[in-house]
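The values are calculated or read from the model by the stated rules, or taken from the named source; none is laboratory data. None of these values were measured; they are calculated from a predicted model. Cβ placement follows ideal geometry from the backbone for every residue including glycine, while neighbour counts extend to all protein chains displayed. Keep in mind that these areas ignore ligands, DNA and RNA; they rest on the heavy atoms of the full protein, side chains included. Shrake-Rupley method; radii C 1.70, N 1.55, O 1.52, S 1.80 Å.
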Amino acid sequence: MLSAVLLSISSIMNQIEAAQTVIETITAMAQEQKPLMLRVVPEDNVTFWSHYPPKDARDADCQSRWYYHVHAAGSRDKDEHGHFHLFLHRTQLPEGLEPKVWPPQGEEAKAHVTHLIGLSIDTVGIPRAWFTVNRYVTNEFLYPADVMIEHLPAFNVDKTKEDGLVNRFVTAMVALYREEIAELLRQRDAKHAELIAEHGEKAYEKESGVEVLSQIPIDLDEKISSLEMA
């Protein structure tokens with residue numbers, strides 16, 4: 001019941017509203033001369049691989065969440081600063097719904113989340129790519145693409161304790177790109193099927209040797225120009 005209510009509330013944001021919010025938040029960051037990444041990580045002494053914030057940014061109402069981190073040089077694209085990992089909490093899915101794949105810790109897993117999508121950010125704070133990752137990367141409760149796609153509108157991080165512009169930007173980006181994210185989730189499952197044929201149940205783990213399962217570049221100007229905005 002709670003999932004249905006949250007889904008109804010968050011689905012109010014349509015593509016036009018999402019695009020307007022993305023424009024507004026990016027403009028506000030520019031006016032304040034404080035780019036997106038410096039609202040999340042310290043200006044100096046960023047610790048590679050660490051979560052920012054340390055215990056993740058959790059929405060007070062629905063428990064959707066995000067964290068940002070930076071890979072060490074040589075293990076990231078040269079024009080990437082870092083990236084967000086975005087999650088739904090299991091309570092946002094139908095009660096009793098079994099994961100497709102469980103974390104090794106089962107119900108004792110530290111975080112009861114399912115990974116929605118990754119959002120890569122360039123060195124000036126502009127989104128550059130969407131991507132999905134293998135299950136082991138975030139130790140998620142893995143659900144099929146169709147479940148995740150159905151609940152995409154439930155993602156909302158407007159009410160975390162972190163920077164309000166960052167929260168609104170992330171929520172709006174998911175709303176703006178729901179169709180693309182849905183396709184990436186389908187591609188993720190297709191890649192998993194290929195890995196299962198080769199590695200069996202290790203397809204979802206580090207032994208598969210595959211971290212990123214699907215990805216697409218982001219061109220915000222092109223995306224927004226494609227919409228009929230007044």
Cα centroid separation, the range 14-43 to the range 55-101 (Å): 19 Å
Per residue, how much accessible surface does the chain expose to a 1.4 Å probe? Answer in Å², no decimals. 50 Å²
Set of lysines with alpha-carbon distance to K55 below 25 Å, sequence-local pairs under 8 removed: K34, K110, K159, K161, K206
With a cap of 11 neighbouring Cβ atoms within 10 Å, and only residues DSSP puts in a loop, list the trypsin sites (Lys or Arg not before Pro) found in the range 21-124. K78, K110
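Gain in length, H71 to N14, computed as 0.36 nm per residue apart minus the alpha-carbon separation, to one decimal in nm?
17.2 nm
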Surface share of carbon and sulfur [accessible, 1.4 angstrom probe, percent] for the range 66-196: 50 percent
Nearest 500 deg cm²/dmol is fine: what mean residue ellipticity at 222 nm does the chain get from its DSSP H runs of n ≥ 4 alone, each adding -39,500 (n - 2.57), divided by its residue count? -10000 deg cm²/dmol
Which peptide among 191-200, 158-167 comes first, and what is the full order, when sorted by highest mean count of other Cβ atoms within 10 Å? 158-167, 191-200
Potential lengthening between D219 and K202 on full extension [0.36 nm per residue; Cα-Cα distance subtracted]: 2.7 nm
Which of the GluC sites (Glu not before Pro) found in the range 91-121 are loop residues per DSSP with 14 or fewer other Cβ atoms within 10 Å of their Cβ? E95
D79 label point, 7 Å along Cα→Cβ, cut-off 15 Å on backbone N: hits in the range 198-216? 216
Would you please name the chymotrypsin sites (Phe, Trp or Tyr not before Pro) within the range 37-89 that are DSSP coil residues with at most 11 other C-beta atoms within 10 Å of their C-beta? W49
